[in-house]
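What follows is a single structure, written as structure tokens, with notes after it.
The values are calculated or read from the model by the stated rules, or taken from the named source; none is laboratory data. None of these values were measured; they are calculated from a predicted model. Note: ideal-geometry Cβ built from the backbone for every residue, glycine included; neighbour counts use all protein chains shown. Just the protein is used for accessible areas: all its heavy atoms, side chains included, with ligands, DNA and RNA removed. Shrake-Rupley method; radii C 1.70, N 1.55, O 1.52, S 1.80 Å.
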Amino acid sequence: MQKQGRFGVHGGQYVPETLMNALHELEDAYERYRNDEAFVKELETLFTDYANRPSRLYYAEKMTKDLGGAKIYLKREDLNHTGSHKINNVLGQTLLAKRMGKTRLIAETGAGQHGVATATAAALFGMECVVFMGKEDTERQALNVYRMKLLGAEVKTVLSGTMTLKDAVNETLREWATRMHDTHYVLGSAVGPHPFPTIVRDFQSVIGRETRLQVAQAENGRLPDAVIACVGGGSNSIGIFSEFIPDASVRLIGCEAAGHGVDTDKHAATLTTGTKGIFHGMKSYFCQDKYGQIAPVYSISAGLDYPGVGPQHSYLFDSGRAEYVPVTDDQAVKAFGYLSRTEGIIPAIESSHAVAHAMEIAPGMPKDSVVVICLSGRGDKDVAAIARYMGEDLYE
Amino acid sequence: MNRIARAFEGKKAFIPFITAGDPSPEITEKLIYALEKAGADLIEIGVPFSDPVAEGPVIEAANARALSAGFTTDTLFELMLRIRKNTQIPIVFLTYLNPVFTYGAESFMRQTAECGVDALIVPDMPPEENDELAPLCAKYGVITIPLVAPTSGKRIKSIAAGAQGFVYCVSSMGVTGMREKLTADIRETVSAVKSVKEIPCAVGFGITTPEQAREMAAVADGVIVGSAIVNIIAQHGENCVKPVAEYAEAMKRAING
């Protein structure tokens with residue numbers, strides 16, 4: 001049994017004293033409600049009636065034939081309400097916040113998907129909502145900024161540091177330390193101080209549970225041979241991985257953002273290149289220099305543009321249970337176009353990193369093997385940015 | 001008597017904070033001598049970090065200035081060795097955990113002790129995570145100063161029981177930065193600490209004016225002033241030593257007046 005909040009050496013609660021009671025309050029509430037019948041039932045109803053769960057497992061037949069190897073299935077988290085897996089965790093945390101008597105939600109967002117999901121839940125539950133987003137991300141994901149405003153949320157542009165996801169997390173932590181009596185911090189990734197990595201994983205684990213059943217149904221009761229997901233902080237990936245951790249035959253493959261390449265200084269491939277550190281409340285791997293200054297990371301994908309990774313991923317990496325591979329901007333953009341043309345599905349640029357790696361390995365796998373790609377989000381939000389990447393002067 | 005105890009001996013301690021390397025190591029050195037001359041009883045030195053989550057915008061900007069000028073932890077230790085030859089004023093480092101952990105906690109702690117720094121304040125190391133540094137602190141004779149926040153409540157008891165040096169009482173919710181009003185009931189916090197252990201209590205976060213300093217000194221054993229000083233440094237750059245010294249003298253008078 002691990003010490004609570006630890007995954008091997010990783011995890012923990014490295015936050016200012018001001019926040020400790022809020023974390024304990026959250027821990028207590030989560031322990032109380034995670035198995036509470038009424039709570040679980042209400043969340044299940046929200047998942048089905050509001051979020052459109054279970055999400056489909058789609059056999060990508062054309063892609064399978066074209067690549068000529070493993071059978072490829074797509075776990076369609078992109079078909080969830082709000083367009084990504086983020087809604088799973090947000091509905092869970094918002095329900096928890098409501099039980100705790102909180103009336104205000106705050107959240108960080110990178111690509112804007114988590115911000116949109118939080119703004120959506122706040123609208124549904126009649127709560128106040130403030131979303132912190134780095135200036136660079138508000139520019140490359142302008143459509144999501146407007147969506148959040150439309151949903152009644154306030155979007156605060158973060159101008160400090162690298163003006164991306166890391167800085168949005170900093171600002172949200174600062175805001176939470178200022179006002180916690182009525183405010184819950186809906187952390188969107190499987191990162192941060194305990195109990196967040198556990199809470200986020202548990203609410204996202206619905207992805208893996210459904211996948212197990214759906215693969216079994218489609219493939220005569222068998223398990224997949226490989227499960228592939230993109231990893232920024234790592235919430236969709238831990239959500240689909242966690243179900244299969246005990247099944248040693250299932251390869252778990254996380255795809256990190258390699259940006260311009262891991263041999264350049266423009267990437268966010270934390271497990272491929274990073275070192276152990278302590279930041280954002282957790283011990284884990286980080287992109288940093290030898291003095292412990294957090295590196296200014298880069299990815300075409302705002303959702304993967306983060307210099308750390310969730311502590312459970314660091315543990316899966318240390319133990320060798322999961323593999324982590326770098327995928328460049330170029331590979332992801334190619335996969336984005338490929339899936340759009342081959343299957344008529346436009347994937348989020350984040351999820352495109354997982355698609356790209358599947359395109360690499362599927363051809364070399366036996367035809368009766370099964371690969372599941374977690375298609376964590378849809379790509380509508382990325383269309384203008386991809387057009388610009390391809391040299392077209394398109395703005396939303 | 002160790003240097004920290006001396007800071008609180010028979011007087012209310014004035015504890016100014018500056019960020020090391022802001023705007024340059026040379027100015028940091030001059031500021032330390034000037035602050036001592038102006039009446040500082042203990043000096044808190046911020047170790048620059050890229051992502052100081054407990055800081056407001058003023059000190060965050062100071063961290064960024066120091067780092068972008070090329071200041072590193074190695075520069076810091078060289079600077080502190082030099083300074084220790086010229087002054088015996090008690091000095092504590094304020095550092096986030098990552099610059100200690102990633103540099104190598106053992107090496108960081110050994111050099112901290114070698115350059116005569118008396119204690120560490122680690123804002124992202126709550127008592128639950130003390131094990132991270134405790135064995136090395138014991139080995140090298142460096143203490144860590146605990147923080148007590150307005151939200152600490154029942155936690156104060158165990159924090160105070162394990163405290164050494166002094167207790168850093170956080171005056172307000174949120175992050176560091178200049179405030180017009182200090183919100184926490186410091187008198188109550190201080191008495192909660194002292195009901196467990198007779199240890200000096202210094203108040204920080206937001207203290208800007210001599211009036212606020214006087215008010216805080218009336219209920220605590222020391223007053224920590226950070227953002228207000230760092231703000232003067234930001235405004236005056238290389239020419240900050242004189243205005244910082246003048247401000248420090250005024251604050252010192254208010255505290256001991």
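What net charge do the residues around A:K334 carry, taking every other residue with its C-beta under 14 Å from that of A:K334, with Lys and Arg at +1 and Asp and Glu at -1? Can you show the working numbers first?
Working: positive: A:R341; negative: A:D66, A:D329, A:D330, A:E360, A:D382.
Net local charge, A:K334 excluded: -4.
Please list, in order along the stretch B:94-107, the HN-Hα scalar couplings obtained from phi with the Karplus expression 6.51 cos²θ - 1.76 cosθ + 1.60 (θ = phi - 60°), rounded to whole Hz, x for Gly and Pro.
9, 9, 6, 5, 4, x, 7, 4, 6, 5, x, 4, 5, 5
When we measure straight from the Cα of A:K62, which aspartates and glutamates land under 15 angstrom away, once same-chain ones fewer than 8 places off are left out?
Output for A:K62: A:E343.
Among A:K135/A:K166; A:K135/A:K283; A:K283/A:K381; A:K135/A:K381; B:K37/B:K252, which pairs are too far apart, with a Cα-Cα distance over 22 Å?
Values: A:K135/A:K166 12 Å; A:K135/A:K283 27 Å; A:K283/A:K381 32 Å; A:K135/A:K381 16 Å; B:K37/B:K252 11 Å.
Correct reply: A:K135/A:K283; A:K283/A:K381.
If you average the C-alpha positions of the stretch B:64-132 and of the stretch A:288-341 separately, how far apart do those two centres end up, in angstrom?
The distance from the Cα centre of the stretch B:64-132 to that of the stretch A:288-341 comes to 31 Å.
Using a Gaussian network model of chain B with C-alpha springs under 10 Å, which one of B:E44, B:E215, B:E36 is most mobile by mean-square fluctuation?
B:E215
Solvent-accessible area of A:L173, probe 1.4 Å, all protein chains present, reported in Å² to the nearest ten, please.
20
Excluding same-chain residues fewer than 8 positions from A:K290, which aspartates and glutamates have a Cα within less than 12 Å of its Cα?
B:D74
Cα-based Rg of the stretch B:151-221 per 2.2 N^0.38 Å, rounded to two decimals? Don't skip to the answer; put the middle values down first.
Details: Rg = 11.8 Å, N = 71, 2.2 N^0.38 = 11.1 Å.
Dividing the Cα Rg of the stretch B:151-221 by 2.2 N^0.38 Å gives 1.06.
Could you sort A:E61, B:E198, B:E129 by accessible area so the largest value comes first, with the probe set to 1.4 Å? Before the final figure, lay out the partial values.
Values: A:E61 85, B:E198 145, B:E129 15 Å².
The ranking, largest first, comes out as B:E198, A:E61, B:E129.
Could you list the trypsin sites (Lys or Arg not before Pro) in the stretch B:1-109 that lie in coil according to DSSP, counting only those with at most 13 other Cβ atoms within 10 Å of their Cβ? Walk me through the intermediate numbers first.
Values: sites: B:R3, B:R6, B:K11, B:K12, B:K30, B:K37, B:R65, B:R82, B:R84, B:K85; in loops: B:K11, B:K12, B:K85.
Hits after loop and neighbour filter: B:K85.
I'd like the FRET efficiency for A:K276 and A:E42, computed as 1/(1 + (r/R0)^6) with the beta carbon distance as r and R0 of 51 Å, rounded to 0.05.
Values: r = 39 Å, r/R0 = 0.77.
After rounding to 0.05, the efficiency reads 0.85.
Where Lys and Arg each count +1 and Asp and Glu each count -1, what net charge lies around A:E136 among other residues with Cβ under 13 Å from its Cβ?
Values: positive: A:K135, A:R140, A:K166; negative: A:D137, A:E139, A:D167, A:D305.
Neighbourhood net charge equals -1.
Express the relative contact order of chain A as a whole percentage, based on alpha carbon pairs under 8 Å and six or more residues apart in sequence.
Values: 886 pairs, mean separation 81.0, N = 396.
Result for chain A is 20 percent.
Counting protein heavy atoms only and a 1.4 angstrom probe, how many square angstrom of accessible surface do chains A and B bury in total, to the nearest 100? Working shown, then result.
Numbers: alone 15330 and 11080 Å², together 23530 Å².
The contact between B and A buries close to 2900 Å².
Restricting the calculation to Cα positions, tell me the Rg (one decimal) and the Dmax (whole number) of the stretch A:330-393 in Å.
Rg then Dmax for the stretch A:330-393, in Å: 12.4, 44.
If you count only protein heavy atoms with a 1.4 Å probe, what accessible area per residue comes out for the protein assembly as shown, rounded to a whole Å²?
Values: 23530 Å² over 653 residues.
Value for the protein assembly as shown: 36 Å² per residue.
In whole Å, how far is the Cα centre of the stretch B:1-62 from that of the stretch B:190-243?
11
Can you tell me which aspartates and glutamates have their Cα less than 12 Å from the Cα of A:K266? Leave out same-chain residues fewer than eight positions away.
The qualifying aspartates and glutamates are A:D305, A:D329.
Between the alpha-carbon centers of the stretch A:36-107 and the stretch A:128-185, tell me the distance in whole angstrom.
Comparing the Cα centres of the stretch A:36-107 and the stretch A:128-185, I get a distance of 22 Å.
Quick one: pull the percent of accessible area on the protein assembly as shown belonging to carbon and sulfur, 1.4 Å probe, ligands and nucleic acids left out.
Numbers: 12290 of 23530 Å².
The C+S portion of the solvent-accessible surface of the protein assembly as shown is 52 percent.
Within the stretch B:95-154, report the trypsin sites (Lys or Arg not before Pro) that DSSP leaves as loop and that have at most 14 other Cβ atoms within 10 Å.
B:K154
Under a point spin-label approximation (7 Å from Cα along Cα-to-Cβ), what is the A:D49-A:E128 distance to one decimal in nm?
Spacing of the two 7 Å Cα→Cβ label points: 2.9 nm.
With no solvent and one point on each alpha carbon, what is the Debye value of log10 I(q)/I(0) for the protein assembly as shown at q = 0.06, 0.09, 0.10 Å⁻¹?
These q points yield log10 I(q)/I(0) values of -0.34, -0.74, -0.88.
List every residue whose amide H lies under 5 Å from the amide H of A:Q13, counting only residues 5 or more places away in sequence or on a different chain, with H placed 1.01 Å from N in the peptide plane.
Result for A:Q13 returns A:H194.
Place a point 7 Å from the Cα of A:T178 along the Cα-to-Cβ direction; which residues of the stretch A:97-119 have their backbone N under 16 Å from it?
Counting only backbone N, you get A:104-108.
Count the net charge of all other residues whose Cβ sits under 12 Å from the Cβ of B:R3, scoring Lys and Arg as +1 and Asp and Glu as -1. Intermediate results must be reported in sequence, preceding the final value.
Numbers: positive: B:R6, B:R84; negative: B:E9, B:D41, B:D118.
Once all neighbours under 12 Å are counted, the net charge is -1.
Could you check the simple spin-label distance between B:S68 and B:A218, using points 7 Å along Cα→Cβ, in nm with one decimal?
Here the modelled spin labels are 4.2 nm apart.
Which residues of the stretch A:165-213 end up with at least 40 Å² less accessible area in the presence of all protein chains than when their chain stands alone, using a 1.4 Å probe?
Those are A:R174, A:T178, which lose 40 Å² or more relative to the chain on its own.
Taking θ = phi - 60°, what integer Hz values does the Karplus form 6.51 cos²θ - 1.76 cosθ + 1.60 yield along the stretch B:222-227, in sequence order, with x for Gly and Pro?
x, 10, 9, 10, x, 4
Quote the FRET efficiency, to the nearest 0.05, computed for B:R82 versus A:D368 with a Förster distance R0 of 51 Å and r equal to the Cβ-Cβ distance. Kindly include the intermediate steps, with their values, before the conclusion.
Numbers: r = 70 Å, r/R0 = 1.38.
E between B:R82 and A:D368, to the nearest 0.05, is 0.15.
In nm, to one decimal, how far is the A:K149 label point from the B:N130 one, both placed 7 Å along Cα→Cβ?
Between A:K149 and B:N130, the label points sit 5.0 nm apart.
Would chain B count as rounded, prolate or oblate if I go by the C-alpha gyration tensor, calling it rounded below 1.5 in a/c and otherwise prolate when a/b exceeds b/c, oblate otherwise?
On the way: a/c = 1.41, a/b = 1.08, b/c = 1.30.
Rounded, since a/c falls under 1.5.
With r defined as the distance between the Cβ atoms of B:Y140 and B:K11 and R0 fixed at 30 Å, what FRET efficiency is calculated, to the nearest 0.05? Numbers along the way, then the final one.
Working: r = 29 Å, r/R0 = 0.96.
Here the calculated transfer efficiency is 0.55.
List the trypsin sites (Lys or Arg not before Pro) in the stretch A:248-341 that DSSP assigns to loop (not H, G, I, E or B) and whose Cβ has at most 13 other Cβ atoms within 10 Å. Which are they?
Numbers: sites: A:R251, A:K266, A:K276, A:K283, A:K290, A:R321, A:K334, A:R341; in loops: A:K266, A:K290, A:R321.
Filter output for the stretch A:248-341: A:K290.
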